[in-house]
Each structure stands twice: as structure tokens, then as C-alpha cells.
Amino acid sequence: MYHYPKLILFFILFGSLAQAQTQYFPSYGEWEEKNAKDFNLDEQMLIQAVNFAKEHEYSESKDLRLAILKGFEREPFHQISGPTKERGGPAGLILKDGYIIAKWGDTKRVDMTFSVTKSFLSTTALLAMDKGIIEEVNDPVKKYVWDGTFDGSHNSQITWEHLLNQSSDWSGELWGGYDWADRPPSTGGLDDWKNRKLNTPGTVFEYNDVRVNLLAFSLLNVWRKPLPQVLKEEIMDPIGASTSWRWFGYENAWVNIDGLKMQSVTGGGHSGGGLFINTEDMARFGLLFENDGNWSGNKLISKEIIEKAIEPSAPNSNYGYMWWLNKEGSRQWKNLPEHLFYAAGFGGNFIVIDREKNLVIVTRWLEPSQIETFLNKLYLTF
């Protein structure tokens with residue numbers, strides 16, 4: 001066995017310790033800011049990227065009730081079933097090594113976050129796997145939820161993984177919403193959609209909020225307590241998030257669990273509801289994932305589970321467990337690293353994570369078609 005001289009060993013250990021301490025984790029109610037030049041970054045390019053985000057605000061109404069009804073007007077029977085909130089203006093944060101190096105807009109304002117909620121929802125599933133509440137991600141959900149929701153030759157095949165990567169093709173009705181009426185095909189009509197051919201679970205990706213809400217309902221059944229409580233206790237409190245965020249379901253989405261009335265939350269704001277949260281709390285959540293589930297030395301989610309969550313799924317190389325991936329595929333952002341993964345929601349809400357550069361990027365109300373251009377401008381900073 002080779003023995004290092006004491007002086008060399010000291011520098012090796014000191015260097016490792018110094019590297020481990022470069023990552024900053026903000027305490028509750030605090031967040032240290034640094035200049036781009038502290039990281040040898042191009043400050044002018046950073047300013048240009050931020051200005052671009054501020055100048056390209058989401059173009060639809062600030063009255064999100066109207067924006068939702070317009071955005072999903074093709075869906076039969078679509079209606080607002082959960083709370084909505086008028087949105088604010090463009091806002092965002094950019095973190096480097098945990099420090100704020102750029103921000104714009106009102107970062108403490110609570111707004112709807114739409115399908116960014118899905119990445120928070122999948123996190124409650126990752127926690128259930130970590131704790132053994134869900135034994136295997138490939139277990140049939142019927143093994144855990146046996147109230148008839150997963151009965152039948154088709155639905156009984158559905159596993160947790162199918163729900164997480166949106167390939168379940170579950171068929172049915174939940175909280176008044178029908179699977180076939182959510183984002184129907186661009187061709188055909190009502191009868192075609194209702195009588196569609198079912199796909200084998202795990203073979204076809206389909207973005208579908210009814211089935212996402214089914215995941216929330218299934219997780220409520222295994223946690224046996226409200227998912228907002230799970231998220232608060234296991235994630236949001238330990239990372240020092242504010243107390244201003246809320247997670248809602250639909251008005252009719254109440255169930256009896258162990259004699260207690262609980263609301264099953266939604267995975268987005270498609271019909272109202274979902275996560276209402278400020279930009280800073282979104283950034284804290286992103287910082288946790290940028291650090292592989294560790295927060296200031298506390299392991300909140302195992303790295304192994306996170307790695308599983310951001311693997312490309314068989315039916316969609318750009319999608320994991322409700323995280324979007326910048327892999328080669330139809331949704332890849334050009335000229336940007338393939339290792340990026342991100343949460344994305346209606347209206348230009350994004351949490352983008354780059355673990356190699358220790359970056360977290362949060363945008364609110366950026367015109368969705370401009371996110372790729374914004375990120376390309378931002379990466380000129382580095």
C-alpha cells in the first residue's frame with residue numbers, strides 16, 4: 001500500500017473538504033447572492049439573457065382561468081374544477097453552486113405552476129420507494145390499490161412505473177374526467193375517442209392529466225395521509241421552503257382514508273388546482289435535485305432513486321418519472337447539454353437542472369416557445 005507524505009495527504013484532504021464546502025444551501029428566509037464575476041462568468045451575457053426573459057413574457061391572459069379554458073378548449077366536457085389565481089409578471093432565478101447570481105421579477109410571489117407540479121408529485125413516489133412503502137416500481141398498482149380502480153384485464157397490468165412515465169394508458173373516469181377526453185387526438189370525434197384501441201401499458205407515451213391525477217390518488221392510498229403533508233414534512237421543511245406554498249385538488253376529489261376525509265391533489269392546473277408556489281421555493285426544490293437529493297449533508301432522497309427517475313423511458317427518450325430530459329428526441333433543446341433535466345408547466349414555468357455546472361434555472365411566465373433561445377443565450381455566460 002502506497003503511503004503519501006503527510007504534506008501531500010494534507011493538501012489532498014483539504015482540497016476535498018474545500019470542494020465539498022463550495023456548495024451553498026440557503027437557510028430558511030435567507031439566500032446569499034453573488035456576482036457573475038465571482039465565478040469568472042461573463043456578466044454582460046448573463047444580463048442579456050435575463051433581459052431576454054423579461055422581454056418575452058407569456059402572451060396569454062393574466063387571468064389564468066381564461067387562459068386555461070382557451071388552452072384546452074378542444075377537450076370535451078372540460079371545466080374548471082379547482083382553484084385558480086391571476087398570475088404575476090415574468091420572474092426567475094439562476095443559481096450557481098447554490099448562490100443566486102441573477103434574479104428578476106417578484107420571486108416571492110405565489111403563482112400557479114401547472115405541470116411543474118408533476119415533478120413534485122413524482123417526488124412523493126420516489127420517497128415511497130425509498131421508504132419501502134412501494135416495494136418495487138414494477139409492481140402492479142392493483143397490489144396496493146384494490147378498490148376497483150385497477151380492475152380488468154387492461155388496467156390490472158399497470159405498474160407504478162407506467163404511471164410515473166405516462167405510459168399506462170389507464171382507461172376510466174376519475175373526478176369527473178375521462179381518460180379519452182384529456183388532450184384528444186387532432187383527428188376524429190367523440191365516438192372515435194371513446195372507442196379507441198387500448199395500448200399495452202408501458203409501450204406508448206401519452207401526456208394525460210387524468211392518469212397523472214390517478215397517480216396522486218394511488219399515492220394517497222399508500223401514504224394514507226395527504227400528499228401536501230408528505231411533501232411538507234419530507235422535503236419542503238427540510239430545505240427551508242417558505243410556508244406560502246399550497247397544493248390543491250379538485251372540489252370533488254375527496255376520499256375517506258382510515259375514517260378521515262382527505263383531498264386527492266392534482267398533478268397540474270389543467271382544470272385548476274395543482275401547486276401554487278413562489279419562485280424561490282421552486283429554486284430550493286431544484287437545488288435539492290441538483291445535489292442528488294442531499295441538502296446540507298442530509299439525504300432526503302437517495303441518489304439511486306433520482307438516477308432512476310431521470311432515465312429515458314422506453315416509450316419516450318425525453319421523459320423519465322415526470323421529469324423532462326434533454327436527450328436526443330423530438331423534444332430536445334438544440335445546442336444545449338444532453339444531461340439537462342427539467343420540470344415544465346403551462347405558461348412558461350420551468351425548473352432546469354444542470355448537475356455538471358451546478359446550475360439551477362427557474363423561469364416564470366416566459367413565452368414557452370422562447371425557453372430554448374433563452375437557455376442558449378444563458379449558456380453563453382459560461
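Note on segment 306-382 and segment 26-102: Cα centroid distance 14 Å, given to the nearest whole angstrom.
Is there a quick way to get the dipole size of the chain? I mean about its Cα centre, with the Cβ of Lys and Arg at +1 and of Asp and Glu at -1; what is the value in debye to the nearest 20?
300
With contacts taken as Cα pairs under 8 Å at a separation of at least 6 residues, the chain carries a relative contact order of 24 percent. Extension gain for residue 194 to residue 207 (0.36 nm times residue separation, less C-alpha to C-alpha distance): 3.0 nm.
Is the shape of segment 81-193 rounded, prolate or oblate, going by the alpha carbon gyration tensor and its root eigenvalues a ≥ b ≥ c, with a/c under 1.5 for rounded and a/b larger than b/c for prolate? Cα axes put segment 81-193 in the oblate bin. Normalised Debye scattering of segment 33-379 at q = 0.06, 0.08 Å⁻¹ gives log10 I(q)/I(0) of -0.20, -0.36, counting only Cα atoms as equal scatterers and leaving out solvent. Helix 43-55 axis versus longest C-alpha principal axis of the chain: approximately 20°, rounded to the nearest ten.
For residue 346, the residues 5 or more places off, or on other chains, whose built amide H falls under 5 Å of its own are 115, 116.
Computed from the C-beta positions of residue 335 and residue 37, the FRET efficiency with R₀ = 25 Å rounds to 0.50.
Using a simple spin-label model with pseudo-atoms 7 Å out from Cα toward Cβ, residue 314 and residue 153 lie 2.0 nm apart. Taking GluC sites (Glu not before Pro) across segment 52-131, the ones in a DSSP loop with at most 16 further Cβ atoms lying within 10 angstrom of their Cβ are 73, 86.
The C-alpha atoms of the chain define a longest principal axis, and helix 279-290 lies at about 80 degrees to it.
No lab work stands behind these numbers, since they all come straight from the coordinates. Predicted, not measured: the structure shown is a model, and the values here were computed from it. With ideal geometry, Cβ positions are generated from the backbone for all residues, glycine too; neighbour counts draw on all protein chains shown.
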